[in-house]
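K.L.:
Input: one structure, supplied below.
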Amino acid sequence: MQHCELCSGPGGDLLWANEECRVVLVEGEEAGLYAGFCRVIWKAHVAEMSDLAPAQSARLMRVVLATERAVRDILAPDKINLASLGNVVPHLHWHVIPRWKDDSRFPRPIWATALREGTPRIQPDKAALRAALLAALTH
C-alpha cells in the first residue's frame, strides 16, 4: 500500500515477528510518556479485524494478549489499555499501552489533553521485555 507507514517501515523498535505480524516497542515522544508502549502490527495491509479469517484473528489476538502479559510482567503498570483505532493509519494494528495513575492523562485515554505533568518513565530493558514476550507466547 502506497503511503502506509506500517507497510513501509517497522513502526517501532522490533521485539518479535513471525510471518503474519510483528511486535514493536514504540519510539519517540509516546515512548517517553508511556514507557513500554507496544504495537502489534499485522503485516499484510488490511484495515479491520473482520478482514482476517477467524483463525488469523485468533492468532493475532493471541499475540496481543501475550504482549499485554509481557508488559505487565516487566513494568507492573496500574492498568493496561488495548486499542485498535486505525483512524490515522488504516492498517490493522493494536496498541498495548501501560498506564500509571500518575501519568499525565490518567484516567483518560492517552490521546486526550493532559491533565497534569506526568511522572517521567524510562523504557524497559528491551532484552527483558523480549524474553517476557517469548515466554508469554509459549504458554
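FYI, it's all coordinate maths here, none of it is from the lab. Computed from a prediction, not measured in an experiment: that's the story for all the values here. Cβ atoms come from the backbone with ideal geometry, glycine included; neighbour counts cover every protein chain shown.
Let's see how each residue does on (1) among the β-branched types (Val, Ile, Thr); (2) without any contact (Cβ under 8 Å) to a residue 40 or more places away in the chain; (3) in contact with a strand residue (DSSP E or B) (Cβ under 8 Å, 6 or more places away or on another chain):
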site: 54; (1), (2), (3): no, yes, no
site: 71; (1), (2), (3): yes, no, yes
site: 79; (1), (2), (3): no, yes, yes
site: 88; (1), (2), (3): yes, yes, no
site: 97; (1), (2), (3): yes, no, yes
site: 118; (1), (2), (3): no, no, no
site: 125; (1), (2), (3): no, no, no
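K.L.:
Taking region 99-116 as the region of interest, how many residues are in contact with a Leu (Cβ under 8 Å, 6 or more places away or on another chain), free of Cβ contacts under 8 Å to residues at least 60 places away in the same chain and surrounded by 15 or more Cβ atoms within 10 Å (Cβ to Cβ)?
P.N.:
2
K.L.:
Then there is this: So is residue 38 under 11 Å from the mean Cα position of the chain (by Cα) and buried (at least 16 other Cβ atoms within 10 Å of the Cβ) or not?
P.N.:
yes
K.L.:
Here are some residues: 30, 48. Which one is closer than 21 Å to residue 4 by Cα, charged (D, E, K, R) and surrounded by 13 or more Cβ atoms within 10 Å (Cβ to Cβ)?
P.N.:
One residue alone meets the criteria, 30.
K.L.:
So, in region 17-35, of the ones that are part of a loop (DSSP other than H, G, I, E, B) and among the acidic types (Asp, Glu), which residue ends up nearest to residue 104 (Cα to Cα)?
P.N.:
Going through the qualifying residues, I end up with 27.
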